[in-house]
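J.: Before I ask anything, here is the structure I am working with.
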Amino acid sequence: TPEITDAQALLGHRRPEPKLRPPPPLAMEALREATAELTVYVHPSNAADVRLAVSRQLSTLLFSYEDRFDGVLLSHEVEFEGDNEDGQDRKVDGDGKRVIKAKILDGLVPYFGVPVTANMLLFSPQPEMILEGKVEMLGKESIHAIVLGVFSAAIMADDIPEMFKFKRRGHGGKFISQSDKRHVIKKGSMIRFSVKRVDTEMNCHITGSLMPPHTGCMRWLSVHDAEYASEISRVVKGNQGIILRASRRYKVAQLRTAKIAW
Amino acid sequence: KTLETSRLASPPPGAEAMVAELRRDDMAEEAGTIRDSVAFRLVERVLQSVRMEPFLIAPYDLEQYRMMVGTLDTSRTKNRDDEALYVTYLKALSEAVSKIDITYHHSLLNNIFAVRIWYLQRDTMVALLDLITRLAAVADQYLRECLQMLVNNFTPPIVERNEVPTWAVSRKKDIFSHLCGSLKTISDTVPLAPRMLRDIIDRSMPKLFDNKAKMISFVECMLGLDTDRMGDLIGAILLAKVVDLLTELDVNITWEDILQEEHDKGIFEMELEDLDADDDGDGFGQAGTKVCLGGNACAEKLDGLMVVVCEHLKSLDRQRLYKEFVILKTIFRASLLRVHRSKFAQFIMFYTCSLDPKTLGEGFAVFLTDIVTEKKEDPISRMSAVSYVGSYLSRARFISADTVVTILKKLVDWCVDYCDHQSKREATPIPNHQLFYATCQAVMYVLCFRLRSIMDYPNLKSDLFHMPFGFLFRHRLEPLKVCLPSIVNEFLRQAKDAGLVAAFVDPAAEDAIESDLSRTFGGINRLDMFFPFDPYLLKESDRYIRPNFEFWSMVKTTYSDDTDDDDDELEDLDAPEMNVGSLDDHVEIDINSDDDDLEYSMNKMSITPHHSFLHQMAMDSDGGLSMPARIRPSTSPPSRWAMSGESP
């Protein structure tokens with residue numbers, strides 16, 4: 001498609017910062033919803049279906065870290081100016097659809113700018129945050145997990161408490177805590193860890209740590225860690241009516257493994 | 001720890017001491033663990049010690065580091081001890097990845113990323129790939145290099161005479177499966193890695209003039225990635241790239257190359273060294289065709305790649321095959337459909353459809369027909385699609401008569417609508433009715449091949465007879481006068497025998513060679529003379545196509561019961577030795593036959609262009625003719641069937 005692929009040239013802010021709604025209480029602190037007023041530049045060949053063109057253009061930013069959003073874009077939903085309005089002075093075409101015209105400035109910018117309001121789901125991990133991920137690979141010196149199914153996280157040996165000993169036997173190996181033999185971290189376990197460092201340059205790689213309290217395998221924590229268990233139940237009550245599909249699906253998945261009845 | 005340090009501090013240098021220590025304990029499993037942990041601690045220590053500005057490093061530490069780097073240098077040959085040490089270092093490094101720093105351990109990383117896996121022993125390779133996988137998982141900064149290193153190893157080392165050494169060929173499968181396995185592990189651990197991999201493969205893709213063995217090896221390995229999750233993510237892009245490459249090779253094979261007499265063709269000279277110099281006059285059929293496909297490097301490469309792609313398609317399971325088919329259709333529509341006279345690349349669609357005739361075969365026919373009848377499509381695609389539909393339905397043995405009649409009905413209905421539309425708008429005539437004539441021609445072409453078999457089914461026969469052919473052929477647009485005479489005449493002959501068309505047809509039209517109207521259509525390169533699925537000429541990949549391909553000589557016509565001797569002649573044409581591979585036959589044309597007849601015979605169905613070119617050569621040379629070997633004319637009195645069928 002002839003649309004501009006360079007996101008920098010494409011999105012312009014009408015306002016200096018994206019407007020933030022107050023973040024809802026979530027166990028997954030790094031996820032947040034944001035609303036931004038943007039101008040999306042669309043090539044005239046797509047004038048027949050502007051909504052699709054805008055959606056496609058925003059989709060090129062998915063899973064990339066954007067400085068201006070201060071996070072990774074996970075999903076977006078666009079509203080156009082006057083979508084919910086009922087103005088009589090708008091022109092209406094044959095199908096009853098509202099028509100807005102835009103001028104294309106020849107010689108300056110051959111694209112036309114569409115002002116949109118975008119609801120976005122952003123992922124912006126910060127150091128000290130607690131994240132949850134699924135273990136994919138284990139080694140004597142590292143644990144590799146995947147957060148939200150998309151982001152890779154690595155926890156190095158220095159950040160794994162001494163009490164965890166690595167056993168090579170079994171499929172891929174596992175870490176077993178000396179203090180409680182039931183606390184096992186193996187491939188497929190869901191773990192909670194704290195963020196040490198985030199590398200935003202390419203794929204948002206996270207370096208984590210299991211040192212802080214209330215980290216480790218979630219299945220074990222939900223049973224043995226009183227504070228964590230109470231936090232979950234508080235979050236459950238607070239979360240009714242929050243429409244973050246991604247995080248809800250994710251929570252359901254982790255709750256299944258923790259065997260908690262809702 | 002102090003003990004260890006002191007042991008290492010004394011001469012002889014640490015490496016040898018370590019080796020000695022390692023070999024001392026190579027019995028028990030426990031000793032193995034000790035060895036690993038010793039190695040690990042050593043490596044860790046060395047890495048840590050050089051993790052600072054160069055001028056701050058103690059000379060001894062630097063020496064240790066340099067020695068370690070030297071062991072990891074694969075450009076020098078290793079003896080057994082060195083090899084064992086190398087493997088140990090690799091394993092130790094795998095566990096110490098977090099200690100590796102991109103700046104301070106630059107030379108170490110260089111040595112790791114420069115490795116050519118093909119030269120390694122199997123165990124070493126496994127250890128190295130494990131290291132690469134862990135490096136990729138530990139931090140983003142190594143990811144690109146790791147992926148690039150793996151992709152660089154898709155191609156085997158090339159030695160003299162542009163050949164792949166035999167030991168590489170036998171290890172190929174093993175190495176490919178390991179490479180693909182590593183890439184998949186990386187993509188599992190770093191889910192966003194396929195995006196980067198896609199770009200890297202894009203950049204590393206072999207180009208048109210690259211070495212054949214490298215090209216084939218790369219594509220083979222690349223297609224190995226097209227499974228499971230990785231296939232879902234980037235499979236479509238990979239296939240698109242492969243088809244692009246096939247198309248590029250295809251368009252670089254010219255017909256002049258195929259019919260070329262001379263051997264020295266400039267850049268292809270290198271390849272011709274293999275040919276024997278037995279290009280005496282009458283052996284033209286042999287050496288000539290060898291030149292045509294042996295001397296043309298692009299054809300050879302295309303041949304090899306087609307084999308790889310067909311093998312890949314064959315290996316897919318049902319579900320995956322359906323997904324690939326959808327992807328292939330999209331790619332086909334976007335690129336292949338619009339290529340002007342592609343020769344062989346389109347046969348991947350043919351082969352894919354043959355793998356599941358019921359679903360895919362029919363699906364493709366319907367897909368093509370929809371393009372033809374869709375007003376919104378651009379004219380070039382529609383013209384091309386109609387040529388494809390005609391050629392496909394005729395040549396694909398696996399398509400049932402049922403499907404053929406359904407599609408024909410759609411096409412005929414479209415033609416009739418077109419005619420009606422024409423009658424209404426008399427004011428502004430369209431300059432040419434190319435698509436209409438092309439569709440009529442396609443319908444007639446299909447019926448030449450299929451009429452007899454359709455007649456065998458009473459319900460299909462009645463469907464066919466209900467189609468308004470009379471209306472079409474009597475319309476003022478006069479399709480019979482404009483379409484290719486050879487096709488029209490053959491069709492009329494069969495149709496009359498079957499009783500499909502009444503005797504309304506003007507007898508004079510039967511013998512017309514080429515009417516003025518059809519000439520005005522644009523001469524030799526006109527689109528309606530494009531038959532995409534004409535007989536396949538590439539040697540090695542032919543075995544995938546041949547079982548499903550319908551040669552003209554195999555077709556039973558409606559009148560064939562009458563003339564038995566025709567059948568006998570035709571039987572010769574498909575004898576096994578008619579393969580392009582065995583070119584021992586003399587290819588002679590009985591040029592003493594009637595001029596008209598010869599020209600007419602040359603204008604037979606399924607002949608793609610350059611008739612006049614061929615004719616010219618026939619007239620010029622005496623006795624040898626550079627026509628590819630499928631033609632074997634009979635020496636009996638010149639009959640129409642002497643030259644039927646298989647010329648390119």
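J.: In the stretch B:136-240, which helices (runs of 4 or more DSSP H) lie fully inside it and hold 1 or more residues that are within 21 Å of B:GLU324 (Cβ to Cβ) and within 17 Å of the chain's Cα centre (by Cα)?
T.: On the way: elements: B:140-152, B:166-189, B:193-204, B:212-224.
Those helices (runs of 4 or more DSSP H) span B:212-224.
J.: Still on this structure, I have one more. Could you check how many residues of the stretch A:200-223 are more than 12 Å from chain B (Cβ to nearest Cβ), in a loop (DSSP other than H, G, I, E, B) and among the β-branched types (Val, Ile, Thr)?
T.: Total satisfying the criteria: 1.
J.: While we're on this one: For the stretch B:98-150, how many residues are crowded, with 19+ Cβ neighbours inside 10 Å and either touching a His at 6+ places or on another chain (Cβ under 7 Å) or among the polar types (S, T, N, Q) (or both)?
T.: Summing the residues that are crowded, with 19+ Cβ neighbours inside 10 Å and either touching a His at 6+ places or on another chain (Cβ under 7 Å) or among the polar types (S, T, N, Q) (or both) in the stretch B:98-150 gives 8.
J.: As an exercise: evaluate B:ALA127 against (1) in a helix (DSSP H, G or I); (2) within 14 Å of chain A (Cβ to nearest Cβ); (3) under 30 Å from A:VAL198 (Cβ atoms) and give the number of the one condition it does not meet.
T.: B:ALA127 satisfies every listed condition except (3).
J.: Among (1) more than 20 Å from B:VAL138 (Cα to Cα); (2) surrounded by fewer than 20 Cβ atoms within 10 Å (Cβ to Cβ); (3) more than 14 Å from chain B (Cβ to nearest Cβ), there is one condition A:LYS186 misses while meeting the rest; what is its number?
T.: A:LYS186 satisfies all of (1) more than 20 Å from B:VAL138 (Cα to Cα); (2) surrounded by fewer than 20 Cβ atoms within 10 Å (Cβ to Cβ); (3) more than 14 Å from chain B (Cβ to nearest Cβ) except (1).
J.: Right, something else. Quickly run through the stretch B:357-372 and pick out the residues that are polar (S, T, N, Q) and surrounded by fewer than 18 Cβ atoms within 10 Å (Cβ to Cβ). Lay out the reasoning, then the answer.
T.: We begin by selecting, within the stretch B:357-372, every residue polar (S, T, N, Q); these are B:359, B:369.
Result: B:THR359, single match.
J.: Of everything in the stretch A:125-145, what is part of a loop (DSSP other than H, G, I, E, B) and either within 12 Å of another protein chain (Cβ to nearest Cβ) or in contact with a Pro (Cβ under 6 Å, 6 or more places away or on another chain) (or both)? Give them in sequence order. Walk me through how you get there before you give the answer.
T.: Step one: of the stretch A:125-145, the residues part of a loop (DSSP other than H, G, I, E, B) are A:125-129, A:139-141.
Residues satisfying the conditions are A:GLY139, A:LYS140, A:GLU141.
J.: Give me a count of the residues in the stretch B:340-384 that are farther than 19 Å from B:ASN548 by Cβ and assigned to a helix (DSSP H, G or I).
T.: So the count comes out to 11.
J.: Go over the candidates B:SER187, B:SER107 one by one and state the one that is among the hydroxyl-bearing types (Ser, Thr, Tyr), more than 14 Å from chain A (Cβ to nearest Cβ) and either touching a helix residue (DSSP H, G or I) at 6+ places or on another chain (Cβ under 6 Å) or within 24 Å of B:GLU83 (Cα to Cα) (or both).
T.: Details: B:SER187 fails: more than 14 Å from chain A (Cβ to nearest Cβ).
After applying the criteria, what remains is B:SER107.
J.: Only one of these is under 30 Å from B:TRP167 (Cα atoms), in a loop (DSSP other than H, G, I, E, B) and not β-branched (Val, Ile, Thr): B:SER94, B:SER75. Name it.
T.: Working: B:SER94 fails: in a loop (DSSP other than H, G, I, E, B).
After applying the criteria, what remains is B:SER75.
J.: Is there any pair linking a residue in the stretch A:61-80 that is surrounded by fewer than 15 Cβ atoms within 10 Å (Cβ to Cβ) to one that is not β-branched (Val, Ile, Thr), with Cβ under 6 Å and at least six apart or on different chains, and which?
T.: Final answer for the pair search is A:LEU62/A:LEU73; A:GLU77/A:ASN119.
J.: Tell me yes or no: at least one residue of the stretch A:105-124 is at pLDDT 90 or above, more than 10 Å from chain B (Cβ to nearest Cβ), over 23 Å from A:GLU33 (Cβ atoms) and surrounded by 16 or more Cβ atoms within 10 Å (Cβ to Cβ).
T.: Within the stretch A:105-124, none of the residues are at pLDDT 90 or above, more than 10 Å from chain B (Cβ to nearest Cβ), over 23 Å from A:GLU33 (Cβ atoms) and surrounded by 16 or more Cβ atoms within 10 Å (Cβ to Cβ).
J.: For the stretch B:166-197, which positions are of a type in the set (Asp, Glu) and either surrounded by fewer than 19 Cβ atoms within 10 Å (Cβ to Cβ) or in contact with a Phe, Trp or Tyr (Cβ under 9 Å, 6 or more places away or on another chain) (or both)?
T.: Our first condition is that a residue be of a type in the set (Asp, Glu); within the stretch B:166-197, this holds for B:174, B:188.
The one that is of a type in the set (Asp, Glu) and either surrounded by fewer than 19 Cβ atoms within 10 Å (Cβ to Cβ) or in contact with a Phe, Trp or Tyr (Cβ under 9 Å, 6 or more places away or on another chain) (or both): B:ASP174.
J.: Could you list all residues from the stretch B:190-208 that are away from every other protein chain (no Cβ under 14 Å) and either without any contact (Cβ under 8 Å) to a residue 24 or more places away in the chain or of a type in the set (Ser, Thr, Tyr) (or both)?
T.: We begin by selecting, within the stretch B:190-208, every residue away from every other protein chain (no Cβ under 14 Å); these are B:201-208.
Listed by number, the residues that qualify are B:ARG203, B:SER204, B:LYS207.
J.: Counting only residues that are within 14 Å of another protein chain (Cβ to nearest Cβ) and surrounded by fewer than 21 Cβ atoms within 10 Å (Cβ to Cβ), how many does the stretch B:87-97 have?
T.: Residues in the stretch B:87-97 being within 14 Å of another protein chain (Cβ to nearest Cβ) and surrounded by fewer than 21 Cβ atoms within 10 Å (Cβ to Cβ): 1 in total.
J.: If you don't mind, there's one more thing I want to ask. When only residues in the stretch B:301-339 that are of a type in the set (S, T, N, Q) and part of a helix (DSSP H, G or I) count, which is modelled with the highest pLDDT? Lay out the reasoning, then the answer.
T.: Step one: filter the stretch B:301-339 for residues of a type in the set (S, T, N, Q), giving B:315, B:319, B:330, B:335.
If we keep only those that are part of a helix (DSSP H, G or I) too, we end up with B:319, B:330.
Details: B:GLN319: 91, B:THR330: 94.
The extreme case among them is B:THR330.
J.: Residue check: is B:VAL159 modelled with pLDDT under 85, among the β-branched types (Val, Ile, Thr) and in contact with a Pro (Cβ under 6 Å, 6 or more places away or on another chain)? Break it down stepwise before answering.
T.: On the way: modelled with pLDDT under 85: yes; among the β-branched types (Val, Ile, Thr): yes; in contact with a Pro (Cβ under 6 Å, 6 or more places away or on another chain): yes.
Judged against the criteria, B:VAL159 is a match.
J.: Go over the candidates B:ARG382, B:ARG320, B:ARG395, B:ARG341 one by one and state the one that is on the phi > 0 side of the Ramachandran plot, surrounded by 16 or more Cβ atoms within 10 Å (Cβ to Cβ), in contact (Cβ under 8 Å) with a residue 12 or more places away in the chain and not aromatic (Phe, Trp, Tyr). Outline the logic, then answer.
T.: Working: B:ARG382 fails: on the phi > 0 side of the Ramachandran plot; B:ARG320 fails: on the phi > 0 side of the Ramachandran plot; B:ARG395 fails: on the phi > 0 side of the Ramachandran plot.
Exactly one of B:ARG382, B:ARG320, B:ARG395, B:ARG341 is on the phi > 0 side of the Ramachandran plot, surrounded by 16 or more Cβ atoms within 10 Å (Cβ to Cβ), in contact (Cβ under 8 Å) with a residue 12 or more places away in the chain and not aromatic (Phe, Trp, Tyr), namely B:ARG341.
J.: I would also like to ask the following. In the stretch A:169-183, which residue that is buried (at least 16 other Cβ atoms within 10 Å of the Cβ) and not in a strand (DSSP E or B) is nearest to the other protein chains (Cβ to nearest Cβ)?
T.: The initial filter retains those residues of the stretch A:169-183 that are buried (at least 16 other Cβ atoms within 10 Å of the Cβ), namely A:173-177, A:183.
Going one step further and asking which of them are not in a strand (DSSP E or B), we end up with A:173, A:183.
Values: A:GLY173: 12, A:HIS183: 23 Å.
This residue is A:GLY173.
J.: In addition: Restricting to the stretch B:451-488, and then to whatever is among the polar types (S, T, N, Q) and at pLDDT 85 or above, can you tell me which residue is nearest to the chain's Cα centre (by Cα)?
T.: So in the stretch B:451-488, the residues among the polar types (S, T, N, Q) come out as B:453, B:459, B:462, B:486.
If we keep only those that are at pLDDT 85 or above as well, we get B:453, B:459, B:462.
Values: B:SER453: 32, B:ASN459: 39, B:SER462: 40 Å.
Within the stretch B:451-488, the match that is nearest to the chain's Cα centre (by Cα) is B:SER453.
J.: Report every pair of residues separated by at least 6 positions or lying on different chains whose Cβ atoms are under 8 Å apart, first residue within the stretch A:146-168 and more than 12 Å from chain B (Cβ to nearest Cβ), second among the aliphatic types (A, V, I, L, M).
T.: A:PRO161/A:LEU210; A:PRO161/A:MET211; A:PHE164/A:ILE176; A:PHE164/A:ILE185; A:PHE164/A:LEU210; A:LYS165/A:ILE176; A:LYS167/A:ILE176
J.: Residue check: is A:LEU74 within 25 Å of the chain's Cα centre (by Cα), assigned to a loop (DSSP other than H, G, I, E, B) and modelled with pLDDT of 50 or more? Walk me through it before giving the result.
T.: Values: within 25 Å of the chain's Cα centre (by Cα): yes; assigned to a loop (DSSP other than H, G, I, E, B): no; modelled with pLDDT of 50 or more: yes.
Here the answer is no, as A:LEU74 does not meet what is asked.
The values are calculated or read from the model by the stated rules, or taken from the named source; none is laboratory data. None of the values given here were measured: they were computed from a predicted structure. No Cβ is skipped: glycine too gets one built from the backbone with ideal geometry, and neighbour counts run over all protein chains shown.
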